[in-house]
Amino acid sequence: MGRIVLDKVTKSFGDVTVIPPLDLTIEDGEFTVFVGPSGCGKSTLLRLIAGLEDVSSGAILIDGQDATSIPPAKRGLAMVFQSYALYPHMTVRKNIAFPLRMAGMDKAEQNRRVEQAADVLNLTAYLDRRPGQLSGGQRQRVAIGRAIVREPSAFLFDEPLSNLDAALRVGMRLEISEMHNRLQTTMIYVTHDQVEAMTMADKIVVLHAGHIEQVGSPLDLYRAPKNLFVAGFIGSPKMNLIEGDEARKHDAHTIGIRPEHLSVSSSEGTWSGVVGVAEHLGSDTFFHVHDTGLAETITVRVDGEISFKHGDRIYLTPRNDVMHRFDKAGDRLP
Amino acid sequence: MATKASRSAARLMLAPAVILLLGWMLVPLTMTLIFSFQRYLPMRGGFLDWVGFENYVRFVTSSAFWPAVQATLIIVGGVLLITVILGILLAVLLDQPMWGQGIVRILVIAPFFVMPTVSGLVWKNMFMDPNNGLLSHLWRFFGADPIIWLSDASMASIILIVSWQWLPFATLILLTAIQSLDSEQIEAAEMDGASALSRFWHIVLPHLARAITIVILIQTIFLLAIFAEIFVTTQGSFGTRTLTYLIYQRVLESQNVGLGSAGGIYAVILANIFALFLMRIVGKNLDR
């Protein structure tokens, strides 16, 4: 069980309010991702849930029980840190067994659980090494191993993949998702990478300056961003945001159109512009189009086979059914 | 230093320092060695004869030798024990955020800047004086008879004075080591259910192991040679005659340079045994 409820939680450091009153419910077994730009309070929020920081006001409920003043170890949560925070002088075996040893579990049971975790995480061959002798991905797995042996009611991940290289990151992303499917335990995952958020989450919480901008499934957020911030943050490449006359034609202050919802032609279309940089990914190509009179650049995503050269004039046609409209305050219009 | 030219340039540049250091060490060492094989009494006829190993035999068979070695080891061991244990506790304490941290840290480090002679005199006259010392006032305040520190508890007094001097050094090194501990490790241990005491035992102390060996190594080398604190207080009496002090007495008080030099060579050998032993421990600790 791991249902976590935040009830009007606030956090301030001296005069600086990092988290204004915030309500959030994380259901049991859900994979929730906190995503937002650096300094948006997502790590602070995670540390509040973990108990590493005290809330300034409000309450945290874990499985219906008020956990606000319970010390971190008693909350039944396990955390994986950004730096992994492995104990450098202990072997992998001792690192993983540490929480069990602290709980006073007997040696045989400790060993059984460590071996089991090591087996799941492919660490059996490394049990007698020290963290310093492992690669980044292996260290990451040890940190996860240390979390799973405790059989916690929820896992907390604080940007766990940010120290890994791109290829490993994709691999670990899959492994963590796989682990969630197997364990069906609540997981809260903090990241600033919207790709990680989109690919892993059951529920994404978009944070901005301590506020929750929107909560929803990845596709909800993609299809119906509640405001300009979420619109600009979710989706890669970023949504094109257009203001002025073109927006007024659609009775909006700002319109947003995703790069993949523009069709391209060399002869005719609603808008026209000059091709700037083209990024070829093989499967797709991103064109950065200038001189459209709409915005500084319009990004278009097209099939990899379509090719235009730098300086070519092209015509763009937006799909009106997937156009997003926002009012002056930045909120979504129906 | 990749190329041949830069390697030889480096050697050339290093040469003056190496030669100076070698000369600085080799000349006195060689002279000591030469004196140790002579019967050399400056005030009683100067150089008299080459005597082979006679000085060496006389030095170790003298009744003062083994007590001196013992006194040296007790002082070194006692001071190491006190400074390392108190140093760790102080470092943990000073690492906590508190009001006036900067000033407190400077105050803690201050004794290290006091010259050994001065600190010896300050302790002797201001704290340990049987009539006017602060400690005897304290004892009398509680209705007890003042302890005559330097004669009744001479060894403890010397250890106290030297520890007071070296505690700041240990604290400073250990404090910087504690500050380099990744705070996420402590937080991880906290999440893992470790109490404050087990966090200290399982995380902080192993992290300090390297710094502790360095403190022990450096302090041992300096503590084997303490002299001023003994010279201005007990003058080597009441069982506080260390090997260093014994050599001083042989050379300057008895004016027997040959015998003192032989003792000097023993001291060099003893220090090297220590250094070798400690370096191996440090080496083991630095390996990982």
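The values are calculated or read from the model by the stated rules, or taken from the named source; none is laboratory data. Keep in mind that this is a model prediction, so the values were computed, not measured. FYI the Cβ positions are ideal-geometry reconstructions off the backbone, even for glycines, and counts take in every protein chain you see.
Among the residues making up region B:142-168, those that are more than 13 Å from B:SER119 (Cα to Cα) and of a type in the set (Phe, Trp, Tyr) are B:PHE142, B:TRP149. One residue stands out among those in region A:56-91 that are of a type in the set (S, T, N, Q) and more than 8 Å from chain B (Cβ to nearest Cβ): the one that is farthest from A:GLN133 (Cα to Cα), which is A:SER57.
Let's see how each residue does on (1) within 21 Å of the chain's Cα centre (by Cα); (2) at pLDDT 90 or above:
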residue: A:ARG3; (1), (2): yes, no
residue: A:SER12; (1), (2): no, no
residue: A:VAL16; (1), (2): no, no
residue: A:PHE31; (1), (2): yes, yes
residue: A:GLY36; (1), (2): yes, no
residue: A:GLY41; (1), (2): yes, no
residue: A:ASP63; (1), (2): no, no
residue: A:GLY76; (1), (2): no, no
residue: A:TYR84; (1), (2): yes, no
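For A:GLN140, the conditions (1) buried (at least 23 other Cβ atoms within 10 Å of the Cβ); (2) within 12 Å of another protein chain (Cβ to nearest Cβ) are fulfilled apart from (2). One residue alone among B:LEU48, B:LEU29 is outside any helix (DSSP H, G or I) and surrounded by fewer than 17 Cβ atoms within 10 Å (Cβ to Cβ), and that residue is B:LEU48.
Checking each residue of region A:59-76 against the condition of being among the hydroxyl-bearing types (Ser, Thr, Tyr), assigned to a strand (DSSP E or B) and either free of Cβ contacts under 8 Å to residues at least 60 places away in the same chain or in contact with a helix residue (DSSP H, G or I) (Cβ under 9 Å, 6 or more places away or on another chain) (or both) gives no match. Listed by first and then second residue, the pairs linking a residue in region B:219-248 that is farther than 16 Å from B:LYS124 by Cβ to a residue that is surrounded by fewer than 18 Cβ atoms within 10 Å (Cβ to Cβ) and small (Gly, Ala, Ser), with Cβ atoms under 6 Å apart and 6 or more places separating them unless they lie on different chains, are B:LEU224/B:ALA271; B:THR244/B:ALA225; B:LEU246/B:ALA64. Would you check if B:SER198 is within 14 Å of another protein chain (Cβ to nearest Cβ) and either within 13 Å of the chain's Cα centre (by Cα) or closer than 26 Å to A:ARG101 by Cα (or both)? When the stated conditions are applied, B:SER198 passes them. Across region B:136-156, not a single residue is classified as closer than 15 Å to B:VAL215 by Cα and in contact (Cβ under 8 Å) with a residue 24 or more places away in the chain. I'd like to know if region A:307-324 contains one or more residues that are surrounded by 18 or more Cβ atoms within 10 Å (Cβ to Cβ), in contact with a helix residue (DSSP H, G or I) (Cβ under 8 Å, 6 or more places away or on another chain) and farther than 24 Å from A:GLU268 by Cβ. Yes; the residues of region A:307-324 include at least one that is surrounded by 18 or more Cβ atoms within 10 Å (Cβ to Cβ), in contact with a helix residue (DSSP H, G or I) (Cβ under 8 Å, 6 or more places away or on another chain) and farther than 24 Å from A:GLU268 by Cβ.
Taken over region A:25-38, the criterion of being surrounded by fewer than 17 Cβ atoms within 10 Å (Cβ to Cβ) and farther than 13 Å from A:ALA154 by Cα is satisfied by A:THR25, A:PRO37, A:SER38. Out of the residues in region A:92-124 that are basic (Lys, Arg) and within 14 Å of another protein chain (Cβ to nearest Cβ), state the one that is farthest from B:MET191 (Cα to Cα). Looking at the filtered set, the residue picked out is A:ARG113. Per the conditions (1) touching a Lys or Arg at 6+ places or on another chain (Cβ under 6 Å); (2) surrounded by fewer than 16 Cβ atoms within 10 Å (Cβ to Cβ); (3) of a type in the set (S, T, N, Q), the sole criterion not satisfied by B:ASN256 is (2).
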